[in-house]
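The values are calculated or read from the model by the stated rules, or taken from the named source; none is laboratory data. All values reported here derive from a predicted model rather than from experimental measurement. We place every Cβ from the backbone using ideal geometry, glycine too, and count neighbours over all the protein chains shown.
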Ligand code: C2E
Ligand code: MG
Ligand code: MG
Ligand code: MG
């Protein structure tokens, strides 16, 4: 009837209003974060934490992953899941990631100067940065400036970027490898990379996304993890599991042939000076 229809319209209208105001809030927050972010970069508020990647059998630290941390005097500690997307939207992501790289290189140079063993550090790179024409030349310029060999730097590219332009991606990966850098695909299993193309990419590492590790108890998930590990082995890559929190997860991963991982079971991400002692 008429009244039912108008009631439905009313409801829909309300729903639209509701969504619009939620969206507004979302955009406002993004905008606020984006604005603050520029100032934050200038004030050097974007720091780095390092999380060790370990040998799953012995627990030995093999390398690190660099994770961006924003400590704002007004807003407190802001997690990367909020400010990285904001930086991607407002065009500041390259600046941000170059600052991360610089802090890591400084940390490495300090290790060299003090006669400590160097360790590889993986840097997360967003799509915009990865596909920018000056990405690899810039990396080379910076590593040269600090006297650090490219093999100490690994680049992690999330599979979620989709690799739409797989030919261009392949060129960048080849360029990286040619210069001596290593690369890995992050969050593997959550994106849509074509498996036939994967074998052509000159990368060494597949990182199994944390969502699979934490849902290991679901029977289908275990099959996915096993498949990723086998895929990596067959393609002459190695699999790294992220987000390992329990001894049971560690044992199952080892049993499935995964030799390397990271997670709270071993270490949480830690400030640079703490990681210096490892
Ligand atoms: P990611 O690269 O997949 O990094 C792994 C995330 O899992 C990190 O979160 C890490 O702290 C968290 N993690 C590691 N082990 C465990 C565990 O056992 N349990 C739980 N619950 N979490 C664990 P974080 O530091 O909050 O970073 C989130 C994401 O933000 C990263 O995911 C990465 O995609 C992005 N990100 C961080 N820094 C950068 C950056 O410099 N550039 C870009 N493009 N992305 C970044
Ligand atoms: Mg990563
Ligand atoms: Mg990851
Ligand atoms: Mg992940």
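In region 173-187, the residues that are touching a residue at least 60 places away in the same chain (Cβ under 8 Å) reach residues that are away from ligand 3 (no atom under 16 Å from the Cβ) with C-beta atoms within less than 7 angstrom, at least six apart or across chains, in these pairs: 182/151.
When region 178-197 is limited to residues that are assigned to a loop (DSSP other than H, G, I, E, B) and modelled with pLDDT under 90, the one that is farthest from ligand 2 (Cβ to nearest atom) turns out to be 194. For residues that are in contact with a helix residue (DSSP H, G or I) (Cβ under 9 Å, 6 or more places away or on another chain) and in a loop (DSSP other than H, G, I, E, B), scanning just region 223-252, find the one that is farthest from ligand 2 (Cβ to nearest atom). Among residues in region 223-252 that are in contact with a helix residue (DSSP H, G or I) (Cβ under 9 Å, 6 or more places away or on another chain) and in a loop (DSSP other than H, G, I, E, B), the one farthest from ligand 2 (Cβ to nearest atom) is 235. Counting only residues that are within 19 Å of residue 63 (Cα to Cα) and in a helix (DSSP H, G or I), which one in region 253-265 is farthest from the chain's Cα centre (by Cα)? Of everything passing the filter in region 253-265, 254 is farthest from the chain's Cα centre (by Cα). Can you find a residue in region 204-217 that is away from ligand 3 (no atom under 16 Å from the Cβ) and assigned to a helix (DSSP H, G or I)? Among the residues of region 204-217, not one is away from ligand 3 (no atom under 16 Å from the Cβ) and assigned to a helix (DSSP H, G or I), which makes the answer no.
Looking at region 101-122, can you tell me whether even one residue there is closer than 19 Å to residue 34 by Cβ and surrounded by fewer than 19 Cβ atoms within 10 Å (Cβ to Cβ)? Walk me through how you get there before you give the answer.
First pass over region 101-122, keeping only residues closer than 19 Å to residue 34 by Cβ: none.
No; the residues of region 101-122 include none that is closer than 19 Å to residue 34 by Cβ and surrounded by fewer than 19 Cβ atoms within 10 Å (Cβ to Cβ).
Scanning region 94-133 for residues that are more than 14 Å from residue 155 (Cβ to Cβ), without any contact (Cβ under 8 Å) to a residue 40 or more places away in the chain and either within 14 Å of the chain's Cα centre (by Cα) or outside any loop (DSSP other than H, G, I, E, B) (or both) turns up 109, 112, 113.
In a residue-by-residue description of region 188-202, the property of being within 16 Å of ligand 4 (Cβ to nearest atom), on the phi > 0 side of the Ramachandran plot, under 19 Å from the mean Cα position of the chain (by Cα) and surrounded by 14 or more Cβ atoms within 10 Å (Cβ to Cβ) applies to at least one position.
Only a single item in (1) within 28 Å of residue 112 (Cα to Cα); (2) at pLDDT below 95 is not met by residue 158, and it is number (1).
From the list 243, 191, exactly one residue is farther than 17 Å from residue 261 by Cα, within 12 Å of ligand 3 (Cβ to nearest atom) and touching a strand residue (DSSP E or B) at 6+ places or on another chain (Cβ under 8 Å). Which is it? After applying the criteria, what remains is 191.
When you scan region 39-84 for strands (runs of 3 or more DSSP E) that lie fully inside it, which ones turn up with 2 or more residues that are surrounded by fewer than 18 Cβ atoms within 10 Å (Cβ to Cβ), away from ligand 4 (no atom under 16 Å from the Cβ) and without any contact (Cβ under 8 Å) to a residue 12 or more places away in the chain?
On the way: elements: 46-55, 61-72, 76-78.
It comes to 76-78.
Here is a check on your reading of the model: is residue 166 under 25 Å from residue 34 (Cα atoms), more than 16 Å from ligand 3 (Cβ to nearest atom) and touching a helix residue (DSSP H, G or I) at 6+ places or on another chain (Cβ under 6 Å)? Spell out how you get there, then give the answer.
Details: under 25 Å from residue 34 (Cα atoms): no; more than 16 Å from ligand 3 (Cβ to nearest atom): yes; touching a helix residue (DSSP H, G or I) at 6+ places or on another chain (Cβ under 6 Å): yes.
Judged against the criteria, residue 166 is not a match.
So which of 205, 156 is in contact (Cβ under 8 Å) with a residue 60 or more places away in the chain, surrounded by 15 or more Cβ atoms within 10 Å (Cβ to Cβ), closer than 22 Å to residue 122 by Cα and within 15 Å of ligand 1 (Cβ to nearest atom)? The unique qualifying residue is 156.
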